[in-house]
Amino acid sequence: MYGIHRVAMPSAASLTSKKGDAYDARMRTTLTIDDDLIAQIEDLQHREGLSFKGAVNRLLRAGIQYQAQPPKPKRYRTKPRKLTLRTGIDSTKLNQLVDDLEADDFVPAGSK
């Protein structure tokens, strides 16, 4: 028997399962599932026509398989593009700018 039992915890639900018959010992498992996950499980349940148990089992299997064999990351590729100076910057004066900056490093702070 499977069912959802709302518990006193905020934003959570409890999923309880009982398994067994006259010859087997009873097994009971309780999971606390956040409300946002319950909504996603119920969405899959309605979309695929599954029982709640079937939807949870499908999602658990997919998650376990993903952990065992995560997808290979896509290779990152850069898109080359031509770099140019912004308008208004004179490329012939860049060395002069560097010289001016280096000269400022040699001037003592109090002598300006």
>> Using DSSP to call loops (not H, G, I, E or B), can you name the chymotrypsin sites (Phe, Trp or Tyr not before Pro) in the range 22-94 whose Cβ has at most 11 other Cβ atoms within 10 angstrom?
In response: Tyr23, Tyr76
> Check Leu50: other-chain or 5+ apart residues with amide H under 5 Å from its amide H, H built from backbone geometry?
Replying inline: none
> Net charge near Asp43, counting Lys/Arg +1 and Asp/Glu -1 over other residues with Cβ under 15 Å of its Cβ?
Replying inline: -3
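Taken together, the values in this text are just the output of simple stated rules run on the coordinates, not laboratory data. All of these numbers come straight from a predicted model, not from anything done at the bench. Using ideal geometry, Cβ is built from the backbone for each residue, glycine included, and neighbour counts are taken over all protein chains shown.
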